[in-house]
Structures are given as C-alpha cells and as structure tokens.
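To start, the structure itself, in structure tokens.
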Amino acid sequence: MGNCAGKLKKSKVPKEQQPEQQPVNADKASTTTTVSATQQQPPQQAEKPHDKQAIASTSAEKPKAQQQTTTTTTTTSTPSKEPFNGSKTVQVHKELHKYIIGTKGATVKEIKETSGVTNVEVGVEGGDGVKVTGTEEQCNRAIEIINNTVSQHKTTEQKDKEYKEMREEHEKESQRTGAMYKKYQDEVDSYAKKRQELNDQADKAYESGDKELAKELREQAKHQTQLMEETNKKASREIFADKNKNLDKFTVDLHGLKAKDALELMDERIEQLKKDSSNSGKPFVIIVGAGNHSDENGPKIKPLVYKSFNDRNIKFEEINNGSIQIHL
C-alpha cells in the first residue's frame, strides 16, 4: 500500500504546478516562441507578384535615397569660404622676394605703413609664400601692393622663355626680311654688274693713254654705285616701315637691315622725337638683334650702334642680348 500510495500521489500532481524548465539558449527560446506565434496566426493570403516587385523596388531604392540625403547634408555643412583667421598668404616666386623686402627692408616697411598690416613674413609655406597679418581689409590691401610690386619684375625662367619666343619670332622675321630684300636684289645686281664693266673699260682706256675717257668711265661707274645705294636704302626703308608698323614710336626694330641704313633710320627717329620737348627723358628702345643670322664676322648692327652711342657720349643699357635702351 505504501508503494501504491506513493505512486498514486505522484501521478495526481497537476501539470500546471510542475516547475518550469529553464531555457538552455536564449536564441533557441526566442525561435521557439516565434514559431509558436506563427503557428497560432491565421494563414495569410499569398502575395501577388506585383506586390513583390513593389517591395523589391522600395528595398532597392532605399540605400540610394539614404546616400543622396547624406551627400546633400555633407555639401550643405561644408562652408564655401574659409573664415578669416587674422592673416593671409600669397604665393610669390622666391626669386622675386628681394623686391618685396627692398633695400634693408624698406619695401616691407612701406607695405606695412601703407596697408596697416602688423607683419609681413616672406618665405613661408615651402619658401614661396608671403604672409601678411592684420584685419581682412588690411591684408587685402597689402596683397594688392605686393602683387603690383612683383608684376614689374620677371624671374629668370620668364626672361628665358620670352627670349626663346623672341628668337623664334626673329627667325621667322629674318626669312621674311630676306624675301623683301630679294625683290630689290636683281636691280642692285644689275647696277653692280654695270659698274664693274665701266671700271674695266676705264682701266683699259687709262692703259691705252686715254685718260679723259678713263675719267668719264669712272664717273659713270660711281653713278652706278649711287644707284645701288639708293636701291638698298629704298629696300631698307620699306622693310623698316614694315617691321615697325605695330611698334610704338619709342621703339625701333633694326635687326635684319643693312647696317649703315639701320643707323641712319635710328638717328632719324631719335631726332624726330627730340623735337618734342615733352619726350625729354623718356626711354627709347632699339632692337638691334643678337646677330644669330650674321656671317662669320659676327653681328654688324649691334657693334655699330654701340660705337655710335659711345662716340656721342650717349648712355645706354642692355635690356637683353638683342635690345638696348637709352633716354631721350
């Protein structure tokens, strides 16, 4: 009986009062609950094909929309202009820094006094930067003065580039000048040939004892020489006018001309300008050429012009290898 009673007692324990079993894994329990809930839900209608497409389209477009929103927000938050922090820096080739500094710092001092900036620091940011400190208005004014100062000077690289371009241009011009001279060359050659013939005849006449005839023939030969010179001058004037048609009156281009004609044309222009007293002291530039197209004896015009100025005690300075400058 004791055994039977014990068995009966155990069997009559209600199921609800049995201790709950602790879950071994949280994920498992969650899964079980989800499945159970799903089983209790009534069956749903099958999704229509077009509904699936709509859902897929929405899902695909969502990241794109998010990306566009993020991009817009980033662009809006970025300022278009950095705020002024009390100083500004302008880039100037370090070869030109000496013009900003000036003799014993004279130019820097002038920039500070004129603009009102408290400091001008040359050679910042890798060596080319010039930093000015002050209010924004003062810094802008200082940078304007700096730019105006350095614009009047050129670096060696800029000068070399300009000289190279000038040489290339002069090469083309030389070819064109040669073609213009050639127009008159046949005429000059005919006068030269006639002069030689007359001189030969004069020599024969003199040898035969006819000195009067010899003298007359030599005079005729001299006339041929005059005609040659006049023709050369005519050619030189035409070429001079063509070369200088786009230059101002304070610049003359002589390169490519006959040396003697070039000197005469230069002096003619100088005398014309000196007649006007308002031109006194103004710079006058002479393009003499570098002699790149001269024969083995070297340039002709350049040394002749130099000698002419030296003989007349006219001071001149060399701008580059092919140009000089005087003051009227």
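Throughout, read-outs are computed from the coordinates displayed, never taken from laboratory work. Just so it is clear, the model here is predicted, and its values are computed rather than measured. Neighbour counts are summed over all protein chains in view; Cβ atoms, including those assigned to glycine, are modelled from backbone coordinates with ideal geometry.
If only residues of the stretch 98-143 that are on the phi > 0 side of the Ramachandran plot and touching a helix residue (DSSP H, G or I) at 6+ places or on another chain (Cβ under 6 Å) are counted, the one that is surrounded by the most Cβ atoms within 10 Å (Cβ to Cβ) is Gly116. Looking across the stretch 145-195 at every residue that is of a type in the set (S, T, N, Q) and part of a loop (DSSP other than H, G, I, E, B), the one that is surrounded by the fewest Cβ atoms within 10 Å (Cβ to Cβ) is identified as Gln152.
Matching residues to (1) of a type outside the set (A, V, I, L, M, F, W, C); (2) under 21 Å from the mean Cα position of the chain (by Cα):
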site	(1), (2)
Ala142	no, no
Lys161	yes, yes
Glu165	yes, yes
Glu168	yes, yes
Lys172	yes, no
Gly178	yes, no
Glu187	yes, no
Leu198	no, no
Ala205	no, no
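Could you tell me which residue of the stretch 270-286 is surrounded by the fewest Cβ atoms within 10 Å (Cβ to Cβ), considering only residues that are in contact with a strand residue (DSSP E or B) (Cβ under 9 Å, 6 or more places away or on another chain) and more than 16 Å from Asp248 (Cβ to Cβ)? Result: Gly281. As a summary of the residue check, Val120 satisfies the conditions (1) in contact (Cβ under 8 Å) with a residue 12 or more places away in the chain; (2) farther than 15 Å from Gln91 by Cβ; (3) not in a helix (DSSP H, G or I) except for the one numbered (2). With respect to the stated conditions, Ile324 fails to be touching a Phe, Trp or Tyr at 6+ places or on another chain (Cβ under 8 Å) and either within 17 Å of Glu173 (Cβ to Cβ) or of a type in the set (D, E, K, R) (or both).
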